[in-house]
Amino acid sequence: MRVAVGRIVDGKAVFEGEPLADGTRVVIVAADPADDAGFDVTPEEKAMLRTAIAQADRGELVDGPQLLSRLRQR
């Protein structure tokens, strides 16, 4: 997995940087159109996302009940 940032142009998602291959599955989180500021992702945040995605790909996950149990123990 990778993190890609882009905009909608003529109704299509256009991503910055290296193009995504045809057929690539994507998830889009859209900013509220009324909020012109949107959001930016810093290089450090992108690195954190890539690390988290790699951990998930390796199966290094904690599900909801496990997380709540750990939080209750603190």
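Quick notes on this one:
- Restricting attention to the range 41-68, the residues that are part of a loop (DSSP other than H, G, I, E, B), free of Cβ contacts under 8 Å to residues at least 24 places away in the same chain and closer than 14 Å to Val5 by Cβ total 1.
- Restricting Ala37, Ala4, Ala31, Ala21 to those that are modelled with pLDDT of 85 or more and assigned to a loop (DSSP other than H, G, I, E, B) reduces the list to Ala21.
The values are calculated or read from the model by the stated rules, or taken from the named source; none is laboratory data. A quick note: this is a predicted structure, and the numbers were derived from the prediction, not measured. Using ideal geometry, Cβ is built from the backbone for each residue, glycine included, and neighbour counts are taken over all protein chains shown.
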